[in-house]
Amino acid sequence: MEIYIDTANIDEIREAASLGVLDGVTTNPSLVAKEGVAFHDRLTEICDVVKGPVSAEVVATDHDGMVAEAEQLLKIAPNIVIKLPCIVEGLKACKTLSDRGVKINMTLCFQPLQALLVAKAGAYLVSPFIGRIDDISGDGVELIQQIRQIYDNYGFSTKILAASIRHPMHLVQMAMIGADVATVPFKIIQQMMKHPLTDVGLKNFLADWDKGMAMLKKTEPALA
Ligand code: E4P
């Protein structure tokens, strides 16, 4: 499963990239607005750090406006992926841009039929928001299972990008179902390598090592 970071914060992106396992970045208008920086400047910075796909979302809601915005965003760097909402105009823009070879991430996907249509329109990625479905007592994980089955039934190559991840167990579930990508907030990326038994185990190993070496020094100084 590919791992993207879901943020527009450049420090978080740098830190996540330094782990050596980061495949891409997703941003959205809310995440960018939070940073208080110019959108294109921030995207340029992000694309300098991460060479994998970097999703940049349009704010137009009509076909022509989306295509025009996409054309500007694509000038920023070759790894920009255009993010469009799963609305009718977004579907049309997806088809127009995909036909030109542009990589499209169809966002705000909440039901399997949206995923079916955007795959037919040539989307590179579809972003089902699982956490937001769970937030209203739905089952976000089930949505990923449904899309996985539909895509596998018909051999669609659109990648399933599990978005709106709320906790590490979501990631375990995504990896088991076979989501192609998960986009993850920085805090959860940090949690992925953590387990209290690892920390306790390591502490004990090192303490035992020190004890053993101290003993050896006393009994066999030449070996220590
Ligand atoms: C994905 O591209 C979105 O930016 C994101 O995952 C939304 O997550 P949220 O529901 O936590 O805002």
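Assorted remarks:
- The listed residue being of a type in the set (D, E, K, R), surrounded by 17 or more Cβ atoms within 10 Å (Cβ to Cβ) and either within 15 Å of the ligand (Cβ to nearest atom) or on the phi < 0 side of the Ramachandran plot (or both), out of LYS120, LYS159: LYS159
- Top-ranked residue in the range 129-156 [being away from the ligand (no atom under 16 Å from the Cβ) and loosely packed, with under 15 Cβ neighbours inside 10 Å; ranked as nearest to the chain's Cα centre (by Cα)]: GLU142
- Residue that is nearest to the ligand (Cβ to nearest atom) [pool: residues in the range 174-190 that are touching a residue at least 24 places away in the same chain (Cβ under 8 Å) and either surrounded by fewer than 17 Cβ atoms within 10 Å (Cβ to Cβ) or part of a strand (DSSP E or B) (or both)]: THR183
- One residue from VAL32, VAL50 being within 21 Å of GLN72 (Cβ to Cβ) and out of contact with any Phe, Trp or Tyr (no Cβ under 6 Å at 6 or more places or on another chain): VAL50
- Looking at ALA70, ALA77, just one residue is small (Gly, Ala, Ser) and crowded, with 17+ Cβ neighbours inside 10 Å, and that residue is ALA70.
- In the range 49-66, of all residues being aliphatic (A, V, I, L, M) and within 16 Å of the ligand (Cβ to nearest atom), the one that is surrounded by the fewest Cβ atoms within 10 Å (Cβ to Cβ) corresponds to VAL59.
- Residue within the range 34-47 that is at pLDDT 95 or above, of a type in the set (Lys, Arg) and touching an Asp or Glu at 6+ places or on another chain (Cβ under 7 Å) present: yes
- Residue within the range 35-48 that is of a type in the set (Val, Ile, Thr) and under 26 Å from GLN191 (Cβ atoms) present: yes
- Neighbours by Cβ (under 6 Å, 6+ apart or cross-chain): first from the range 161-172, over 11 Å from THR107 (Cα atoms); second within 7 Å of the ligand (Cβ to nearest atom) and not β-branched (Val, Ile, Thr): ARG166/GLY131
- Subset of the range 4-18 [within 14 Å of the ligand (Cβ to nearest atom) and not polar (S, T, N, Q)]: TYR4, ILE5, ASP6, ALA8, GLU12, ILE13
- Comparison of ILE87, ILE76, ILE46 shows that the only residue that is under 18 Å from SER127 (Cβ atoms), away from the ligand (no atom under 13 Å from the Cβ) and over 16 Å from the mean Cα position of the chain (by Cα) is ILE87.
- Of all residues in the range 28-38 being within 14 Å of the ligand (Cβ to nearest atom) and free of Cβ contacts under 8 Å to residues at least 40 places away in the same chain, the one that is nearest to TYR124 (Cα to Cα): PRO29
The values are calculated or read from the model by the stated rules, or taken from the named source; none is laboratory data. What you are looking at is a predicted structure, and each value in this text was computed from that prediction instead of being measured. For neighbour counting, all protein chains shown are included, and Cβ atoms are generated from backbone atoms with ideal geometry for every residue, glycine included.
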